[in-house]
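See below for the structure under consideration.
What follows draws every value from the coordinates through simple rules; no lab data is involved. Source: prediction; values computed, not measured. Cβ coordinates were reconstructed from backbone atoms using ideal geometry, including for glycine residues, and neighbour counts include every protein chain displayed.
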Amino acid sequence: METTTAATRSLATEAVHAGREDLAALGLHAAPLDLSTTYPSHDSRAEAARIDEFAATGARPDGPPVYSRLDNPTVARFEDALARLEGTEAAVAFASGMAALTATLLVRASAGLRHVVAVRPLYGCSDHLLTSGLLGTEVTWVDPGEIAEAIRPDTGLVMVESPANPTLAEQDLAAVAEAAGSVPLLVDNTFATPVLQRPCESGARLVLHSATKYLGGHGDVLGGVIACDEETARQLRQIRFATGGVLHPLAGYLLLRGLSTLPVRVRAQSATAAELVRRLAEDPRVTRVHYPRIGGAMVAFEVAGDPHEVISGVRLITPAVSLGSVDTLIQHPGSISHRIVPEDDRRSGGIDEKLLRMSVGLEDVEDLWRDLDAALSGAGSAVPAPADRPAVPAHAVPEPAMP
Ligand SMILES: *Cc1c(COP(=O)(O)O)cnc(C)c1O
């Protein structure tokens, strides 16, 4: 038995070492960034054999790479590291979270399994991809308790997000996996990250990340990844090769670097988020706070006043969509992240028009609170408005006439 197996190492150790085990033997400290699109070889018989093998199995090609749409060594390091953190056999990286979900749907649809059972809310564009049927799939939206009865002979996937974007609603993943039965369960783990939750330990077959968010962690790289068993990974690699949604090697490099600080970032950001939740929960300008039991750095809250005024009032906090960066971001899901979802569907997913979603960064909690406090006051909700009357933003109140 090996003495240094991954299973004996903690997540914090894996975060800085996984995908980098060969570096010392190569005489390197930082991971090499391989930007080659193609790889010269005088042995075209060997290249033919590698392509045949890939076409037949979808296994990662052995030996020198052939072409960057097939395989890239820098991206492979990120995939290996993420698989270790999620506790799966493999991971397959894509150009974005949406490209990763697309490849998953295509794998299932190409087997004739075009039906998806999903629970709202999901990230806005995931909802849109399923609802629109753009890929020829069909979705049945259900409450978690209705999953088993919604499954049909052509159901290829059950999909949930937990905690969900943007309401932070949580699912009992073990119960959902049991309800899914033999149908693979895909869990979008973007919000929790493997630091807080490893869905495959609860029975999920596929774990999706928008790597753009916490895995990258600095708001400067777009990427997606599916962590799964090797059999599924082979199908995903074949789809990726044929459809081309590959992760750029520089993105793979940045994501591998991002993973090394993932545990410390998530823990520090979560501690600040929990303190902000405590303050928001007792603030009369806030009518409801959403925060998951497993914790994390995402906070959602509904304001008594006008949510647009909070967005226009922040000065330190970045008023922007996306999440998981070192700086704190706030956005209005009804206007941006979930705008593509029709209003009725937003409502059925519990997405209130007064809801704001905040991704807590690494700033000092007092500086963040001062900014939030001022923005909430600017929202004109210092005094909760009576329920039968819309809130009047402070700036809309006429100044008293000077005597
Ligand atoms: C952002 C996001 C996605 C989509 O990822 P992209 O990298 O933007 O394509 C999917 N799921 C969740 C939960 C997200 O927040």
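Taking the Cα centre of the chain as origin, sum charge times position over the Cβ atoms of Lys and Arg (+1) and Asp and Glu (-1), and report the length of that vector in debye to the nearest 20. It would help to have the intermediate numbers written out before the result.
Details: 34 positive and 51 negative charges, 72 e Å.
Rounded to the nearest 20 debye, it is 340 debye.
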key: Mean projected area in nm² (Cα convex hull; one quarter of hull surface) for the stretch 94-251   = 8.7 nm²
key: Table column - 3J(HN,Hα) (Hz), the stretch 53-65, Karplus curve with 6.51, -1.76, 1.60, x for Gly and Pro   = 4, 5, 4, 7, 10, x, 5, 4, x, 7, x, x, x
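Kirkwood Rh, the stretch 221-308, all Cα pairs: how many Å? Walk me through the numbers on the way to the answer.
On the way: mean 1/r = 0.0604 Å⁻¹.
Evaluated over the stretch 221-308, this radius sits at 16.5 Å.
To the nearest whole percent, what portion of all C-alpha pairs in the stretch 34-143 is separated by more than 19 angstrom?
Numbers: 3543 of 5995 pairs.
Everything past 19 Å amounts to 59 percent.
Calculate, in nm to one decimal, what Arg288 and Asp344 gain on full extension: separation in residues at 0.36 nm each, minus their alpha carbon distance.
Details: separation 56, 0.36 × 56 = 20.16 nm, distance 2.06 nm.
Here the segment from Arg288 to Asp344 would lengthen by 18.1 nm.
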remark   = Cα extents of the chain per principal axis, largest first, Å, are 93, 52, 38
ask   = So which trypsin sites (Lys or Arg not before Pro) in the stretch 284-314 end up in coil per DSSP with only 13 or fewer other C-beta atoms within 10 Å?
value = Arg293
query = Once the piece of chain linking Glu178 and Glu230 is laid out straight, how much longer is it, given 0.36 nm per residue of separation minus the C-alpha distance between them?
reply = 16.6 nm
note = Out of Tyr253, Tyr67, Tyr291, a Gaussian network model of the chain with alpha-carbon springs under 10 Å gives the largest mean-square fluctuation to Tyr67
ask   = Can you give me the pair-distance distribution of the stretch 263-377, C-alpha pairs, 10 Å bins, whole percents?
value = 15, 50, 31, 4
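Tell me, what is the FRET efficiency for Glu146 and Thr8 to the nearest 0.05, using R0 = 35 angstrom and their Cβ-Cβ distance as r?
Working: r = 41 Å, r/R0 = 1.18.
Computed FRET efficiency for Glu146 and Thr8: 0.25.
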task = Counting only C-alpha contacts under 8 Å and six or more residues apart, can you give the relative contact order of the chain as a whole percent?
result = 16 percent
request  = Take each of the peptides 91-104, 26-39, average the number of other beta-carbon atoms within 10 Å over its residues, and list them starting from the highest.
outcome  = 91-104, 26-39
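May I ask you to derive the FRET efficiency for Glu21 and Ala268 from their Cβ-Cβ distance with R0 = 41 Å, giving the value to the nearest 0.05?
Details: r = 27 Å, r/R0 = 0.66.
Computed FRET efficiency for Glu21 and Ala268 comes out at 0.90.
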query = For the chain, what is the calculated [θ] at 222 nm in deg cm²/dmol (nearest 500), taking -39500 (n - 2.57) for each run of four or more DSSP H residues and dividing by its residue count?
reply = -11500 deg cm²/dmol
